[in-house]
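Working notes, beginning with the structure itself.
None of the figures in this text is laboratory data; all of them are computed from the coordinates on show. Just so it is clear, the model here is predicted, and its values are computed rather than measured. Positions of Cβ are backbone-derived with ideal geometry, glycine not excepted, and every protein chain shown enters the neighbour counts.
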Amino acid sequence: MDISAELESAINQQIGIEFSASHAYLSKAAYFERNAFDGFAEWMHQQSVEETAHAMKFYQYLNDRDGVVRIPAIEAPEWDYGSVLSVFESSLVQEREVTKSIYNLYKIATDEGDYATVSFLKWFVDEQVEEEKTVSDMIDKLKMADGNADSLLLLDRYALEQRSSEADA
Ligand code: FEO
């Protein structure tokens with residue numbers, strides 16, 4: 001079964017959304033590096049790499065289904081932020097947008113009876129639950145820290161340890 005023109009177009013858009021998320025995380029990593037938050041920088045850097053991998057999963061899938069990959073233009077991300085908390089809050093907004101977009105893809109695929117695409121998208125549905133939870137948990141911790149420098153440095157260390165243990169897993 002050929003992939004429909006509508007799904008092909010929506011998947012191309014999704015490739016752009018994932019690359020855009022990757023750029024945004026990279027920009028956040030740079031912000032944290034400038035401000036000597038090594039743990040948060042590593043966290044954002046790894047997220048950026050993961051988002052590129054997501055984009056490439058869609059790219060590969062579209063190629064595998066004989067669709068035409070057309071990488072969309074990507075807007076420049078923000079590069080300055082008011083606080084550590086605002087960086088993570090903006091990440092949560094971004095992740096929720098990605099989730100919405102994945103759900104939209106899922107709906108199109110379901111309505112069309114394209115079960116190969118439905119099956120392919122299931123991984124992303126689960127991944128979004130995990131990604132929203134991780135960012136949301138960090139926001140809760142940052143709110144408890146309430147801008148206190150000692151607490152922020154502890155959380156920065158915590159972010160580094162978390163990401164290092166994931167990388168070793
Ligand atoms: Fe690829 Fe964080 O969504």
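Relative protection proxy for 133-142, 85-94, from highest mean packing down: 85-94, 133-142 (other beta-carbon atoms within 10 angstrom). Taking GluC sites (Glu not before Pro) across region 1-80, the ones in a DSSP loop with at most 15 further Cβ atoms lying within 10 angstrom of their Cβ are Glu75, Glu78. Peptides 109-115, 23-29, 53-59 ranked from most to least packed give 23-29, 53-59, 109-115, packing being the mean of other C-beta atoms within 10 angstrom over each peptide's residues.
Which angle between 0 and 90 degrees, to the nearest 10, do you get for helix 5-34 versus the longest principal axis of the chain when only C-alpha atoms count? Long axis of 5-34 versus the principal axis of the chain: about 10 degrees. Over all other residues within a Cβ to Cβ distance under 12 Å of His23, the charged ones net out to -3, with Lys and Arg as +1 and Asp and Glu as -1. Averaging the Cα positions of each part gives two centres, and for region 1-66 and region 153-168 these lie 22 Å apart. Only lysine pairs 8 or more places apart, or on different chains, with alpha-carbon atoms under 18 angstrom apart are counted in region 92-169, and they number 6.
Over the residues of the chain, the helix contribution to mean residue ellipticity at 222 nm works out to -29000 deg cm²/dmol, using -39500 (n - 2.57) for each DSSP H run of at least 4.
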